[in-house]
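Inspection log for the structure reproduced underneath, given as structure tokens.
The values are calculated or read from the model by the stated rules, or taken from the named source; none is laboratory data. Only a predicted model underlies this, so the values are computations on that prediction, with no experimental measurement involved. Virtual Cβ from ideal backbone geometry, glycine too; neighbours counted across all protein chains shown.
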Amino acid sequence: MRLRLAFFLLAAVFALVTSACGSRGGSQLTDSLSVVQRWSEAVNASEDEAAAELFAPGARVIQGGRAVTLAGLDEALRFNASLPCAGTITDTDVDGEKVTATFTLGRRSGHVCEGPGQEAVAVFRVTGGKIVLWHELPARGGTPAESQTA
């Protein structure tokens, strides 16, 4: 009986220690990727406000050779609402706060997507759980899928 109780206590302590470590930033790689995945899911569901809430005030958006600073939630909402396509994440590369995500574009409810099936690539920089940079890159062997990335 004592052995069982000791095992239970040891397991409980281990669970507490490992969960505390994860909440202290030790899992930045996972956190950054998680934010990008949540953003993609929100855009795909046409939940533009949820997508916008993942952007930090002052976030930079670079798309089609144009750079814009999103002053706050309203501008982030307009940006996310302007994306005509959904996008399934097919590949990611995580380097600290930087996540490069490759998407296969698809139809998005309430929008007209002119590039379903095309590939799009975006780099995200995530700080403190918020997107501070969204930068569309050329897809492999091409140019950015202008205004199509989701």
- [ ] Pairs only if they're at least six apart or on different chains, beta carbon under 7 angstrom, first in segment 40-59 and farther than 18 Å from VAL123 by Cβ, second charged (D, E, K, R) and crowded, with 18+ Cβ neighbours inside 10 Å; list them, first residue then second.
- [x] ASN44/ARG108; SER46/ARG108
Task: Whichever residue in segment 134-147 is at pLDDT 95 or above and crowded, with 19+ Cβ neighbours inside 10 Å and, among such residues, is nearest to ALA59 (Cα to Cα) - done: TRP134
Open item on the list: Quick test for you: out of ALA45, ALA59, ALA67, ALA52, pick the one residue that is under 30 Å from HIS111 (Cα atoms), modelled with pLDDT of 95 or more, loosely packed, with under 12 Cβ neighbours inside 10 Å and under 25 Å from the mean Cα position of the chain (by Cα).
Closed with: ALA67
Open item on the list: Tally up the residues in segment 31-66 that are more than 17 Å from THR102 (Cα to Cα) and assigned to a helix (DSSP H, G or I), please.
Closed with: 6
Task: Residue among THR88, THR104, THR69 that is part of a strand (DSSP E or B), under 15 Å from SER34 (Cα atoms) and not aliphatic (A, V, I, L, M) - done: THR88
Open item on the list: Among the residues of segment 22-29, are any among the polar types (S, T, N, Q), surrounded by fewer than 19 Cβ atoms within 10 Å (Cβ to Cβ) and touching a residue at least 12 places away in the same chain (Cβ under 8 Å)?
Closed with: yes
- [ ] Would you be able to tell me the number of residues in segment 70-97 that are charged (D, E, K, R), surrounded by 17 or more Cβ atoms within 10 Å (Cβ to Cβ) and out of contact with any strand residue (DSSP E or B) (no Cβ under 6 Å at 6 or more places or on another chain)?
- [x] 1
